[in-house]
Structure formats: structure tokens, C-alpha cells
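Structure, as C-alpha cells:
Any read-out appearing in this document is the output of simple, stated calculations on the displayed coordinates, not a laboratory observation. None of these values were measured; they are calculated from a predicted model. Cβ atoms come from the backbone with ideal geometry, glycine included; neighbour counts cover every protein chain shown.
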Amino acid sequence: MHTNTLNGRSFDVDGEGFFTVRDQWSEELAHDLAALIGVELDEEHLAPLLFMRKDAGDEGNTPTLRRMQTVGGFEVRDLYRLYPGKPAKKMAWLAGLPKPVGCV
């Protein structure tokens, strides 16, 4: 386990940089992390992150894109527009959650 610090906030991560302690996350930290990958978090960007955190808390696993669509009501194409490339990984990272199962 590693500890990262960003703008005075410390958080524990695994070898790939995903949070290992869920309670170390905050919306302010998400904004700071998003800036590192060139994303400006607005309400549209934040909505799937908040859903992921709630769903992961309820279910015990980071939701996949399929679950984001079927349970959360998010269109996959919109998630790709908001978080180009690998949206599930980017959203999980920004939401302070472990990497979703099945992501490489």
C-alpha cells in the first residue's frame, strides 16, 4: 500500500493508484484528481461518481459500466463522452473506489 498526497490531502492507494480506504475521499479531492487528468468536474461529471460511491457502499463492489447503465440509468455513450478512453477506471479512480472487476 502506498500513500499519495495532493493539495495537502493524503490518501492510501494500491499499486495502480486506486483508493484502498474509501473514507479518505471527498468531493474536493475528486476535483483535484480530475484536474490531473484534464477533466473539469461539473454536475454532469459528478453524478456518475456519486452514484458509484453509493452503489459500491450498498453492494460492496465498484459498479461496472453495465451496472451504471442498468441500475444507475446512465447511457454508456455519455460516460465515454464525459470520461474518454476507459470511463469505468477513470470514474472509479475519481470516486475513490477500487478498480472495477473485469477492468484491465
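When only DSSP loop residues count, what GluC sites (Glu not before Pro) in segment 24-96 have their Cβ near at most 11 other Cβ atoms within 10 Å? Spell out each step's value before the answer.
Details: sites: 27, 28, 40, 43, 44, 59, 75; in loops: 40, 75.
Sites meeting the loop and neighbour criteria: 40, 75.
For the chain, just list the percent of Cα-Cα distances falling in each 10 Å bin from zero outward, please.
Histogramming the chain at 10 Å steps yields 16, 53, 29, 3 percent.
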